[in-house]
1. Based on the Cβ-Cβ distance of Asn63 and Leu37, what FRET efficiency does E = 1/(1 + (r/R0)^6) give at R0 = 35 Å, to the nearest 0.05?
2. With 10 angstrom as the radius, rank Val12, Val80, Val46 by how many other C-beta atoms surround their C-beta, starting from the fewest.
3. What does the C-alpha gyration tensor say about the overall shape of the range 29-93? Classify as rounded when a/c is under 1.5, otherwise prolate if a/b is larger than b/c, or oblate.
4. Where does each of Trp84, Trp8 land when they are ranked from fewest to most other beta-carbon atoms within 10 angstrom?
5. Around Gly65, which amide H atoms from residues at least 5 apart in sequence, or from another chain, sit under 5 Å from its own amide H, with H modelled in the peptide plane?
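Just so it is clear, none of the values below were taken in a lab; they were calculated from the coordinates. Quick caveat: nothing in here was measured; it's all calculated off a predicted structure. Cβ: placed from backbone, ideal geometry, glycine included. Neighbour counts: every protein chain shown.
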Amino acid sequence: MELFLTLWLPLVPFVVVWIALRHGPVRNRWWRGENPLGFALFVGTVSFAAGFFGPMLFAPGANQGPMLGIFYSGPIGLAVGAAWGLWRAARRGSWNSLAC
């Protein structure tokens, strides 16, 4: 059982994110129109949560763990999500979705 948890449990968040990105996490106008702001918020939120809660789970004794999510992974995820959303909008030719 310990081997199972060690090998497969860390893969669960990656599988969930892959499914969400493949099929769309929510069915609202931000995702349907593939608005770059929606991508930025989604990827930024996921990366912030991973950076904020990940160190608490994997290194509980580290007192500076949540700062990783606040100062690094959250803003970097927001920028990557915005760039990814702009790239997808340009590739699909859906620049009209840039208007909020």
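1. Working: r = 34 Å, r/R0 = 0.97.
Rounded to the nearest 0.05, the efficiency is 0.55.
2. Values: Val12 9, Val80 16, Val46 20.
So the ranking, lowest neighbour count to highest, is Val12, Val80, Val46.
3. Working: a/c = 4.26, a/b = 3.12, b/c = 1.37.
Prolate.
4. On the way: Trp84 16, Trp8 10.
Sorted ascending by nearby Cβ count, the order is Trp8, Trp84.
5. So Gly65 has HN proximity to no qualifying residue.
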